[in-house]
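Visitor: Submitted below is the structure of interest, expressed as structure tokens.
The values are calculated or read from the model by the stated rules, or taken from the named source; none is laboratory data. Note that the structure is predicted; figures quoted are calculated from it, not measured. Using ideal geometry, Cβ is built from the backbone for each residue, glycine included, and neighbour counts are taken over all protein chains shown. Just the protein is used for accessible areas: all its heavy atoms, side chains included, with ligands, DNA and RNA removed. Shrake-Rupley method; radii C 1.70, N 1.55, O 1.52, S 1.80 Å.
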Amino acid sequence: MRHLIVTVFAVVALGLVPWTADAQQGSGSVAVEQPWARASIGTTRPAAAYLTLVNNGGGIVRLASIESPVAGRAEVHRTVKQGEVMRMEPAGTIELPAGGRVVLEPGGLHIMLMDLKQPLKKGESFPLMLRFADGPTVEVTVPIMGPGARGPNQ
Amino acid sequence: MNRRLLLRAVLILLVGGAALAAVLASLYMAREREARETAQVLTGKTFAEPGQVPIGGPFTLVDHIGRTVTEKDFGGRYLLVFFGFSNCPDVCPTTLGDIASALDLLGAEADAVQPLFVSLDPERDTPERLAEYVAAFHPKIVGLTGTAEQIAAVAKEYRAFYEKVSAASYYAQEIGGADDKSAPGDDYLISHQGNTYLMSPKSEYLTHFTYGTKPEEMAKTVRKAIAKFGNPAAEK
């Protein structure tokens, strides 16, 4: 009986090992694609940055916080269309299931860069740190497009 | 026995919850469909007969240079009227960028058009701030602000709903309390209607573009309007 319990325990434990490793790798294999931001107009207004998050790992990944030396605060917000009215709200925690993909784009999810420390000038770029819960921090360089740009290629 | 009762209660709750969710979802979808259909009718192939749709009208506002202006100061040109606020980081830059691209696509015909960006945030949007803002998108765009009453009047004429949302209540939705230190008290956002109105040279409603309309579509519709209703600005 004792043997059986030990065996069961060992099998479960063995099964868990690759699983846990996978989950950790999951947070470690988040790709941040096509980051871009719009040029700010002065420093007294919030600016917006956009990107795509891809979870190549096997576990759930949560975006815990965002930081950038150019902004006092950076948060993911969402533009919601209610009939003809456009409303903004904090997006809360962005969660990526295994293999999941979240696109931040104009009119939807966006990173609000608040309390700008410097103007974001078209043609320049700035670093953005994305901190994932129980995972690494991914740093990306965000190129700055025009103030009314609709995508990273403008 | 008790367990059976409990099971029954859970079952009733589950079924009830699912039914409620279904009713809410269908209500939401019906409302979305209605909004889409209205937009389709209004932004379809035909323009409203000038003077037939009671949207827009006379206004007195202050432009981004600080001059008091009325709709007559832009007379003779088609108006593209968009409401927003210059602290708006996502929706307003997208639409102003689309309007700017549409103007570029129109080429010489853009002379028949006057784009107006009406601020729904007269408290923060002084003429100076608006000047800095609109110039970033296109030199043709005129920024308009005014007193809170003037803005309320023009927004009402254009049926442009807007609502100030304080940062405290904005974050309260998220964290369930207004005591979040990251939300400064004097900070606010404005929820607002995202349409761009195309008005005739006599400031009569012709059609409108909903948020996200491509610049190509806007330029095409403006060209069509010029072909149909003429270009008084060029005849002067």
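Visitor: Going through the stretch A:53-68 one residue at a time, which ones are open to solvent by 20 Å² or more (accessible area, probe 1.4 Å) and assigned to a strand (DSSP E or B)?
Guide: First pass over the stretch A:53-68, keeping only residues open to solvent by 20 Å² or more (accessible area, probe 1.4 Å): A:56, A:58, A:60, A:62, A:64-65, A:67.
Correct list: A:Arg62, A:Ala64, A:Ser65, A:Glu67.
Visitor: Which of the residues that make up the stretch B:64-99 are of a type outside the set (S, T, N, Q), more than 25 Å from B:Pro50 (Cα to Cα) and part of a loop (DSSP other than H, G, I, E, B)?
Guide: Residues satisfying the conditions are B:His64, B:Ile65, B:Gly66, B:Arg67, B:Phe85, B:Cys88, B:Pro89, B:Asp90.
Visitor: Given the residues B:Glu174, B:Glu123, which is the only one that is touching a Pro at 6+ places or on another chain (Cβ under 9 Å) and either modelled with pLDDT of 95 or more or not aliphatic (A, V, I, L, M) (or both)?
Guide: B:Glu174
Visitor: Could you list all residues from the stretch B:128-145 that are open to solvent by less than 40 Å² (accessible area, probe 1.4 Å) and in contact with a Ser or Thr (Cβ under 7 Å, 6 or more places away or on another chain)?
Guide: Result: B:Leu130, B:Tyr133, B:Gly143, B:Leu144, B:Thr145.
Visitor: Condition first: within 14 Å of chain B (Cβ to nearest Cβ) and in a strand (DSSP E or B). Now tell me which residues in the stretch A:135-152 satisfy that.
Guide: Correct list: A:Ile144, A:Met145.
Visitor: Here is a further query. Identify the residue in the stretch B:87-127 that is surrounded by 21 or more Cβ atoms within 10 Å (Cβ to Cβ) and among the acidic types (Asp, Glu) and, among all such residues, is nearest to A:Met112 (Cα to Cα).
Guide: B:Asp90
Visitor: Please tell me if B:Ala153 is assigned to a helix (DSSP H, G or I) and open to solvent by 10 Å² or more (accessible area, probe 1.4 Å). Walk me through how you get there before you give the answer.
Guide: On the way: assigned to a helix (DSSP H, G or I): yes; open to solvent by 10 Å² or more (accessible area, probe 1.4 Å): yes.
In short, yes.
Visitor: Pairs only if they're at least six apart or on different chains, beta carbon under 8 angstrom, first in the stretch A:70-94 and closer than 12 Å to A:Gly107 by Cβ, second open to solvent by 30 Å² or more (accessible area, probe 1.4 Å) and outside any strand (DSSP E or B); list them, first residue then second.
Guide: Going by the 8 Å Cβ cut-off, the qualifying pairs are A:Lys81/B:Tyr211; A:Met86/B:Tyr211.
Visitor: Looking at the stretch A:87-134, which of its residues are within 11 Å of chain B (Cβ to nearest Cβ), farther than 18 Å from A:Pro69 by Cβ and assigned to a strand (DSSP E or B)?
Guide: Listed by number, the residues that qualify are A:Arg87, A:Met88, A:Glu89, A:Pro90, A:Leu109, A:His110.
Visitor: Still on this structure, please answer the following. Going by the conditions given, is B:Glu157 within 25 Å of A:Pro147 (Cα to Cα) and either in the same structural domain as B:Leu206 (by TED's automatic domain parsing) or under 20 Å from the mean Cα position of the chain (by Cα) (or both)?
Guide: Taking the combined requirement at face value, the residue does not satisfy it.
Visitor: Taking into account only those residues within the stretch B:183-202 that are farther than 24 Å from A:Val85 by Cβ and open to solvent by less than 40 Å² (accessible area, probe 1.4 Å), which is farthest from the other protein chains (Cβ to nearest Cβ)?
Guide: B:Pro201
Visitor: If I go through the stretch A:95-137 residue by residue, how many of them are touching a residue at least 60 places away in the same chain (Cβ under 8 Å), farther than 14 Å from A:Trp36 by Cβ and open to solvent by less than 30 Å² (accessible area, probe 1.4 Å)?
Guide: Total meeting the criteria: 6.
Visitor: Sticking with this structure for a sec: Only one of these is of a type outside the set (D, E, K, R) and under 19 Å from B:Ala135 (Cβ atoms): B:Ala108, B:Ala100. Name it.
Guide: B:Ala100
Visitor: Are any of the residues in the stretch A:74-86 more than 14 Å from chain B (Cβ to nearest Cβ), touching a strand residue (DSSP E or B) at 6+ places or on another chain (Cβ under 9 Å), modelled with pLDDT of 95 or more and surrounded by 16 or more Cβ atoms within 10 Å (Cβ to Cβ)?
Guide: Checking the stretch A:74-86: not a single residue is more than 14 Å from chain B (Cβ to nearest Cβ), touching a strand residue (DSSP E or B) at 6+ places or on another chain (Cβ under 9 Å), modelled with pLDDT of 95 or more and surrounded by 16 or more Cβ atoms within 10 Å (Cβ to Cβ).
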